[in-house]
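Here's the structure, in structure tokens; my notes come after.
The values are calculated or read from the model by the stated rules, or taken from the named source; none is laboratory data. This one's a predicted model, so the numbers in the text were calculated from it and none came from an experiment. Cβ: placed from backbone, ideal geometry, glycine included. Neighbour counts: every protein chain shown. Protein only, heavy atoms only, side chains kept; ligands, DNA and RNA dropped before computing areas. Shrake-Rupley method; radii C 1.70, N 1.55, O 1.52, S 1.80 Å.
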Amino acid sequence: MAKEMIAMILAGGQGSRLYALTQKLAKPAVPFGGKYRIIDFPLSNCVNSDIDTVGILTQYQPLVLNEYIGNGQPWDLDRLHGGVHVLPPYQQASGSDWYKGTANAIYQNISFIDRYDPKYVIVLSGDQICKQDYSDFLRFHKEKDAEFSVAVMEVPWSEASRFGLMVTDENDKISEFQEKPKNPKSNLASMGIYIFNWDILKKYLTEDEADPNSENDFGKNVIPNLLRDGRRMYAYHFSGYWKDVGTISSLWQANMEVLDPSHSGINLFDENWKIYSRNSGQPCQRIGNDATIVNSMISEGCRVDGTVNNSILFPGVVVEKGATVEAAVVMGGTVIKAGASVKHCIVAENVMIEEGATVGAMPEGGLNIAEPGDVATVGSGVVVGKGATVGPKAMVSSDVKDGEEQW
Amino acid sequence: MVNSNVNALGVIFANTYDNLVPELVAERSMASIPFGGRYRLIDFTLSSMANAGIDNVSVIVRKNYHSLMDHLGAGREWDLTRKHGGLNIVPPFAERSVKMYSGRVDAIESILSWLEAQKERYVILSDSYIAVNFDFGKLIDAHVSSGADVTMVYNRAPIPEGARSDNYTIRIDEDGRVTEILSNDYRLGEQNLSMNMYVIDRESLIHLVHDAAVRGLVYFERDILARNLKLLNVKAYEFKGYAARISDMKSYFDENMRLLEPGSMEALFGGAPIYTKIRDDNPTRYLEGSTVKNSLLADGCVIEGTVENSVLFRGCQVKKGAVVKNCVLMQDTVVEPDCDVEYVVTDKNVHITEGKKLTGTDTFPVFIAKNHSV
């Protein structure tokens, strides 16, 4: 039974700039927004857009991600025909190979895609925070009778040279592609989300693979080749919230934007576009008599007896009496003991912050989401000892002894 | 064989004691009464069974079971979507609808042919009016090692006000054998109060129920156990953990409030996990100006006002200037700005409009029925 469109999510990213957070898990598995992982966004977008067949291309630290995806049930992607499949590189008769680039990752899974005989394939990125209706994108692709479409966002001209840019005519037809140019001719940045006609994609992937000089990358190789051949290429404008959370400060920022009273962040409270995730199954959050909570988001299983201000607590976080949490993103299972101060930072899962310890500090000018400055980071499973200090610029991924200071 | 599954199946009665909480079961069964912020009462028994490796469970329903069926689905959340066994919901047969189940014997009789076809050696019978994190593995071990015909579970507790005319207490000899089962005990103070959970050999259950049904007997405890205590070796098993019995509106309110006391959550949830239907709510949002003290909140709430000593289920909203004290707000209750509500229990989807003042007392909380707007 043929599918109209299936999705392929590129989830191989190591996320090396998130260092302490991605030691044991791939970037798409990084927690976000109080109970989600980044990959919940493309997966939920797929199912909300009626795409029921999704391949997830992984190769870096796949354990957490594999376990998290499981049979796809939390996203309603446990299907008899289709559903979600995690696709790591595998050994073939002709030898085995890691995914050499984004295009090669899809190339190695041509037979997976062919099983569903789709007319279109949408290529997604597994490390973006974004709510997008891919069925609207497909409608655009069909209306334009395109062979290739790319989702683009308008960015400020001053920042345009940081992006891959699409130069288009008044009908959104792409005439040129500029990768991080010095003199941008356009401010339409590629979001790395593509719809291809499958026959076209397959042809160009095969051609790209045969080229020994290719880096096997969509942006560097495949898209320029399509342009060279004058294919029907269009740019689909997207204007909603979109964030590539590639760095600690952008990840912190995207979390803080969720709390922003002026709603600059992604709306997680949308009944019509739910974001699904694997549930922790913990009981209710327990707020004690001495707790003070201001402008925060708190998840199930938490126990709060201290002060929580402008922060996001993931499931099962404990904030003891006398502890202060401010402008912090605290991931699941972390315990913050009495008298500890946790500010302007990201604390990963299952961290123990002992009594009187200090992690991070508020910047001198106070909270500024747009220009965060330093964001301290504590990696998963770390113990920050009694009275220890983790400075505002620090990123720790191993235990900090009692009284020790790390800057 | 890896002994991950016990040699027992479960039978849960969903409607027992419905008559004690008429307000709460107006549109549901006892088993699907919301409890503890995000659960339904049946979640506790069902999860406890699943956690003990019991993967063949029948839920016998009598009436008002739509909400329960919606909640249980195919049993996936309890890992009971199995090829063999799994979750099995048993409504009354259509041709029997003139004659509703009137007692446990009737209800079991309706599943006799199913019981006969099963392979497990033991049957666990349980009601669903008690929220308890119960170790059924230990109970089965005790039953097997004592060589009893029936093992019945009790705890030391005063007879709840609401259950004065609907309870069983037991007398026990020094060997832990039940010597007497008293119906509708009215003594004050702590008694050996039955929790209406039993372990029994499947073959003998079939035999006893068949025999009783032929003679027109309907009550398992009164008509089968109590009459045969000399013949049957009925052992008592004391449960010493946290149990929340729902026997009337006041106990429903009190038991929700008791969860706020120090140690309660740990006692009820500290053991094996309790599963429930997933709603995919976002985490709870505390907005500028909110004050929350000594409360339990489920996911999906948005708090802008004041919440004290209360239990809020999933998706509740407390708007600016509203004060909620000593309340139980079931899922999706909305309290509009500047309301003042105290000692109130709202059922699902209740809307309290702007500026309203509603006050009950600790002995008589105000109850607002499902989908009502005040």
Quiz item: Listed residues B:VAL25, B:VAL21; which is hydrophobic (A, V, I, L, M, F, W, C), open to solvent by 10 Å² or more (accessible area, probe 1.4 Å) and touching a helix residue (DSSP H, G or I) at 6+ places or on another chain (Cβ under 9 Å)?
Solution: B:VAL25
Exercise. Collect the residues in region B:137-149 that are touching a strand residue (DSSP E or B) at 6+ places or on another chain (Cβ under 6 Å) and farther than 22 Å from B:LEU46 by Cβ, keeping them in residue-number order.
Key: B:SER146, B:ALA148
Quiz item: Across region B:302-335, which residue is farthest from B:LYS357 (Cα to Cα) among those that are free of Cβ contacts under 8 Å to residues at least 40 places away in the same chain and touching a Pro at 6+ places or on another chain (Cβ under 9 Å)?
Solution: B:GLU304
Practice problem: Run down B:ASN228, B:ASN196, B:ASN192 and say which single residue is of a type outside the set (A, V, I, L, M, F, W, C) and more than 27 Å from the chain's Cα centre (by Cα). | Solution: B:ASN228
Quiz item: For region B:299-324, how many residues are more than 10 Å from every other protein chain (Cβ to nearest Cβ) and either farther than 18 Å from B:CYS339 by Cα or in a strand (DSSP E or B) (or both)?
Solution: 5
Quiz item: Taking interchain pairs and intrachain pairs at least six residues apart, which have beta carbon atoms under 7 angstrom, with the first residue in region B:242-267 and touching a residue at least 12 places away in the same chain (Cβ under 8 Å) and over 14 Å from B:LEU296 (Cβ atoms) and the second open to solvent by 20 Å² or more (accessible area, probe 1.4 Å) and assigned to a strand (DSSP E or B)?
Solution: B:MET249/B:PHE367; B:SER251/B:ARG245
Exercise. Scan region A:104-137 residue by residue and report those that are of a type in the set (A, V, I, L, M, F, W, C) and more than 20 Å from A:LEU43 (Cα to Cα).
Key: A:ILE110
Quiz item: Quick one: in region A:293-313, which of the residues that are hydroxyl-bearing (Ser, Thr, Tyr) and more than 8 Å from every other protein chain (Cβ to nearest Cβ) is nearest to A:TRP75 (Cα to Cα)?
Solution: A:SER311
Quiz item: Looking at (1) away from every other protein chain (no Cβ under 14 Å); (2) under 30 Å from A:PRO74 (Cα atoms); (3) among the charged types (D, E, K, R); (4) in contact with an Asp or Glu (Cβ under 7 Å, 6 or more places away or on another chain), which is the one condition that is false for B:ASP347?
Solution: (4)
Exercise. Just give me the residues in region A:298-328 being closer than 26 Å to B:PRO273 by Cα and under 20 Å from the mean Cα position of the chain (by Cα), in sequence order.
Key: A:SER299, A:ILE312, A:LEU313, A:PHE314, A:PRO315
Quiz item: Which residue pairs have Cβ atoms closer than 7 Å, lie 6 or more positions apart in sequence or on different chains, and pair a first residue in region A:314-336 that is in contact (Cβ under 8 Å) with a residue 40 or more places away in the chain with a second residue that is of a type in the set (Asp, Glu)?
Solution: A:PRO315/A:GLU300; A:MET331/A:GLU349; A:GLY332/A:GLU349
Practice problem: Scan region A:289-308 for residues that are assigned to a strand (DSSP E or B) and buried (at least 23 other Cβ atoms within 10 Å of the Cβ) and jot them down. | Solution: A:ILE293, A:SER296, A:MET297, A:ILE298, A:VAL304, A:VAL308
Quiz prompt | Single residue of region A:388-406 satisfying the filter (in a loop (DSSP other than H, G, I, E, B) and in contact with a Ser or Thr (Cβ under 8 Å, 6 or more places away or on another chain)) that is farthest from A:VAL342 (Cα to Cα) | solution = A:GLU404
Quiz item: Just to be sure, is A:SER186 in a loop (DSSP other than H, G, I, E, B) and buried (at least 20 other Cβ atoms within 10 Å of the Cβ)?
Solution: yes
Quiz item: Taking helices (runs of 4 or more DSSP H) that fall entirely within region B:192-298, which contain at least 2 residues that are open to solvent by 20 Å² or more (accessible area, probe 1.4 Å), out of contact with any strand residue (DSSP E or B) (no Cβ under 9 Å at 6 or more places or on another chain) and within 14 Å of chain A (Cβ to nearest Cβ)?
Solution: B:264-269
Self-check item: Scan of region A:309-353 for residues that are in contact with a Cys (Cβ under 9 Å, 6 or more places away or on another chain) and of a type in the set (A, V, I, L, M), ordered by number
Solution: A:LEU313, A:VAL317, A:VAL318, A:VAL319, A:ALA327, A:ALA328, A:VAL329, A:VAL330
Quiz item: With respect to the numbered conditions (1) within 30 Å of A:PRO31 (Cα to Cα); (2) out of contact with any Phe, Trp or Tyr (no Cβ under 8 Å at 6 or more places or on another chain), which one is the sole condition not fulfilled by A:GLU207?
Solution: (1)
Quiz prompt | Lone unmet requirement of (1) over 29 Å from B:PRO34 (Cβ atoms); (2) modelled with pLDDT of 90 or more; (3) within 23 Å of the chain's Cα centre (by Cα) for B:GLN118 | solution = (3)
Practice problem: Working only within region A:74-97, note down all residues that are open to solvent by 20 Å² or more (accessible area, probe 1.4 Å), of a type in the set (Gly, Ala, Ser) and part of a strand (DSSP E or B). | Solution: A:GLY95, A:SER96
Practice problem: Please find, within region B:161-191, the residue that is most open to solvent (accessible area, probe 1.4 Å) out of those that are in contact with a strand residue (DSSP E or B) (Cβ under 7 Å, 6 or more places away or on another chain) and of a type in the set (Asp, Glu). | Solution: B:GLU190
Quiz item: How many residues does region A:113-157 hold that are open to solvent by 10 Å² or more (accessible area, probe 1.4 Å) and part of a strand (DSSP E or B)?
Solution: 5
Practice problem: Go through region A:233-288 and give me each residue that's assigned to a loop (DSSP other than H, G, I, E, B), open to solvent by less than 30 Å² (accessible area, probe 1.4 Å), more than 8 Å from chain B (Cβ to nearest Cβ) and β-branched (Val, Ile, Thr). | Solution: A:VAL245, A:ILE266
